[in-house]
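Peer 1: Below is the structure I would like to discuss, written out as structure tokens.
Only the coordinates and a few stated rules stand behind these numbers; no lab work does. Fair warning: this is a prediction, and the values are worked out from it, not measured in the lab. Positions of Cβ are generated from backbone atoms using ideal geometry, with glycine treated the same way; all protein chains shown enter the neighbour counts.
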Amino acid sequence: MDTASAAVIGANAGRRDQVLHDAVARARRSAFYSQHLAGYELNGRADLGRLPLTLKSHLRDGSPFGMLAVPPTGTKGEPISTWCGLAEVRVMAELLRRMVPEFSADCIMLNRFPLFAPVSFIFEDALRLVGACHIAAGNVSWDVPFTRALDFIRRLKVTVLASLPLEPILLRELAHEQGLDVRRDLGSVRVVFCGGAVLPPALRRVIEKDWGARVVEIYGSNETMGLGLTCVAGQLHLCSDLVEAEVLDPQTFVPVPPGEVGVLTVTSMVHEVMPLVRYVTGDLVRVSPEPCRCGLSDPVIEVFGRLDDVIEIGGARSTAYDVLDGAYDFADQLDTRLFLILVLRHGLHLLIEVADPQRRLNERIGLPVTVEYLARNAVMDRSALFRTPKIYKPSQISDWRGEGRKPITIMEALLEWPRFDLRTVMQIGLRQIRNAQRRRRLLREDRS
């Protein structure tokens, strides 16, 4: 390295240290960090590992105002425990606009995220920057059930869809029920933003194949706001302008070697309203040591889901990311998208809708798996998509090992207030009887 290059690198490192120092100083303005960081000094990144960690329990204990580094204003009703400012939303919106070229003046976005979710604020500001159209139609809205969302896409020629990763699958099934071909009749969609849940490669592939659109993962949380975005080369990048990141061993909280899986811990770089210092996100991630071919300097990251969601059976371990990746790959070979994975004490049980099963799921996901092939509508009652006014956050993995509810269909995770005719009542009644029988049989077999 020549002297000039070394000088540039040194100057950049010095600026980064100063930004981090200023960010931690802002955090000390809050009631929580004024005590939590008392006695600790930080001059640069080399000192970051000496500061105490921030856990989600700290955020709960400090709610609603203890984490605020500015006076609360304009608050009415019951306050929430996470906060953001307009300036930091604008920084994230500008990053989104730069990294997603399809975000232009002619785009029409159908946003299915709840409007109170931080990602919706980012989308709204990014759309303002380019002067584009925002259809704010969160999936917990009474006014925009699945049928109307699909109609918006078809009639308004929506170019950008934003949702949980499962929603494009549900909309595809609804389109088929209505006799529509997704690529032909809904082909205006160019980009699908997915966030709020893990997005393994096989799920990304089937969404791109079904919709003929590029999938962009948007990674973040209510506490941290935006953390990462997919580039034009299809890699998820951690946005270094927003946070200083550490990847720590989940037991010892010491840094893991480059390329190893650990828990993402972040320190805010731009947040002024609710800055976080060494916040343990609880997400298992791996940061690639290799640069991305897109040319961005921000590190490439894989997000494997919550540490709490790791599945361990008989000494074997797997993440929800790997389980769903294997299941979607298997389902795609059978030309289906609908399945539910039951986590039992002795292994996984895959319920999958398929007309003509020809293949078996082997040891792809590293855990014992039993496959049960079911008829159409057994895993997901598609008719409920016509009746449901809103949806919570559904999952295709159902852990039965505790004492809580034991969903056996995707639709049991969806909230609905239907009006039934006699035929529908009979169909649902028979389906519930079959599900109850299957549930008792699986529990009996699992205990034997």
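Peer 1: Stokes-Einstein diffusion coefficient for the chain at 20 °C in a medium of 1.002 mPa s, Rh from the Kirkwood formula over Cα pairs: what value in µm²/s?
Peer 2: For these conditions, the coefficient is 90 µm²/s.
Peer 1: Aspartates and glutamates near K157 by alpha-carbon distance under 14 Å, same-chain residues fewer than 8 away left out - which ones?
Peer 2: Within reach: D106, D185.
Peer 1: Run through every distinct alpha carbon pair of the range 101-146 and return the Kirkwood hydrodynamic radius in angstroms, one decimal place.
Peer 2: 10.9
Peer 1: Just to verify a number: FRET efficiency for R45 and F116, C-beta to C-beta distance, R0 = 45 Å, to 0.05?
Peer 2: 0.85
Peer 1: Can you give me the relative contact order of the range 86-308 as a percent, contacts being Cα pairs under 8 Å and 6 or more apart?
Peer 2: In percent, rounded to a whole number, it is 14.
Peer 1: Measure nothing but the geometry: give the 0 to 90° angle between the long axis through the Cα atoms of 167-177 and the longest principal axis through the Cα atoms of the chain, rounded to 10°.
Peer 2: Here the helix axis deviates by roughly 30 degrees.
Peer 1: How large, in Å, is the range 86-308 by the Kirkwood hydrodynamic radius built from its alpha-carbon pairs?
Peer 2: Final number for the Kirkwood radius of the range 86-308 is 18.0 Å.
Peer 1: Sticking with the crude label model, points 7 Å out along Cα→Cβ, report the distance from S297 to A38 in nm, one decimal please.
Peer 2: Distance between label points: 3.9 nm.
Peer 1: At q = 0.22 Å⁻¹, what base-10 log of I(q)/I(0) does the Debye formula yield for the range 198-312 when every alpha carbon is treated as an equal point scatterer in vacuo?
Peer 2: For the requested q values the scattering log ratios are -1.33.
Peer 1: Right, next: State, to one decimal in nm, how far the label point of F253 lies from the label point of R434, with both points 7 Å from Cα in the Cβ direction.
Peer 2: For the pair F253/R434, the computed spacing is 5.1 nm.
Peer 1: What residues of the range 195-234 lie in the reach of a label at R183, counting those whose backbone N is under 19 Å from a point 7 Å from the Cα along Cα→Cβ?
Peer 2: Counting backbone N atoms under 19 Å from the label point, the list is 202-216.
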